[in-house]
Amino acid sequence: MDARRRAFGFTLVEAMVSLSILAVLAGIGMPALMDTVNARRVQGAAQSLAATLRTAQGEAIRRNRIVEVIFTNAEPVAASVVDATPVVASAARGWMARVAAPSGPADFVTGTALAGDFAAIALANGTLASVGFTPTARPIDLSAGGGLAAPLAAPLVVRFAMAGTARVRCVSVSSGGSVRVCDPSRPSGAVAACEPILPPGAC
C-alpha cells in the first residue's frame, strides 16, 4: 500500500519545484499578454470611433441634416444629447454622434465612453472638438460653435495610445469624407498603413 502511494504521489519538493517553474513561466509571459490586451483595447477604441463617424455620415444622408460627432466628457447617451458640450479630444472621455443643434433625445445617434483607465485620446493635428457631416456626406469643422461650419482644412487625425503598450492606432477623416483606421508602425503602402494616404508624421 505504501509503495503504491509513493508511485502515484508527489513529494513536497517536487510540488514546490513545479510551482516555481510555473511562476517563472507566468512572469515571462505576463508582460507579453498585457501588451496584447492593451493593444486590442487601443484597436477597439479606434474602430469604435471610426464606426461612430461612419454612422454619423450615414445618418446625415438619411435625415438630410447635419450630424455632428463631438468629443465630450458627458455620458454619451440620449438623455444628455442636448447638454453635452464638446471638449478637445485630449480632454475627452468619449464621443457622441447627434444631429447638429439637438432639441431632444430623438436627435441622439450613438455614443461611446472610454474605460476609466484608458489613456486620453489626442488629435494629431489641431484642437478640433466637433466634426460634422453634411447631407452629401462631406465633413465640416463645427468647432467654432454657434452653427458656424467650415470645410476641413486638413484631414482630421485622432491618435489612440495607451500606457502599457507601444502600439498606436489613428483614425482619419479626409476632406472628401473617407474614414479609416491606420497603423503608423506599418511600412508605407502596406495594408492598414497610415502612409501614403496621410503625410509622414501625421499620426
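The values are calculated or read from the model by the stated rules, or taken from the named source; none is laboratory data. Keep in mind the model is a prediction, meaning the values are calculated, not measured. All Cβ positions, even for glycine, are placed from backbone atoms using ideal geometry, and neighbour counts span all protein chains on display. Protein only, heavy atoms only, side chains kept; ligands, DNA and RNA dropped before computing areas. Shrake-Rupley method; radii C 1.70, N 1.55, O 1.52, S 1.80 Å.
Summary of values
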quantity: Full-extension gain in nm, Gln47 to Ala91, via 0.36 nm per residue minus C-alpha separation; calculated: 13.9 nm
quantity: Fraction of the pair-distance distribution of the range 129-203 above 22 Å, Cα-Cα pairs, percent; calculated: 31 percent
quantity: Exposure of Glu14 as accessible area (Å², to 10), given a probe of 1.4 Å and all protein chains; calculated: 90 Å²
quantity: Residue-span extension gain [Val37 to Ser174] - 0.36 nm each, minus C-alpha spacing; calculated: 46.4 nm
quantity: Long-range HN-HN contacts of Ala124 with modeled amide H, under 5 Å; calculated: Val157, Val158, Arg159
quantity: Which of Ile66, Ile197 is most accessible, then next, and so on - probe 1.4 Å; calculated: Ile197, Ile66
quantity: Residues Ile61 and Ala154, FRET efficiency given R0 of 22 Å [Cβ-Cβ distance, rounded to 0.05]; calculated: 0.40
quantity: Theoretical FRET efficiency, 1/(1+(r/R0)^6), r = Cβ-Cβ of Leu19 and Ser185, R0 41 Å, to 0.05; calculated: 0.60
quantity: Val191, Val87, Val37, Val42, ranked by accessible area, largest first (probe 1.4 Å); calculated: Val191, Val37, Val87, Val42
quantity: Accessible area of Thr136 in the full protein assembly, 1.4 Å probe (Å², nearest 10); calculated: 110 Å²
quantity: Nearest-10 value in Å² for the accessible area of Asp141, using the 1.4 Å probe; calculated: 50 Å²
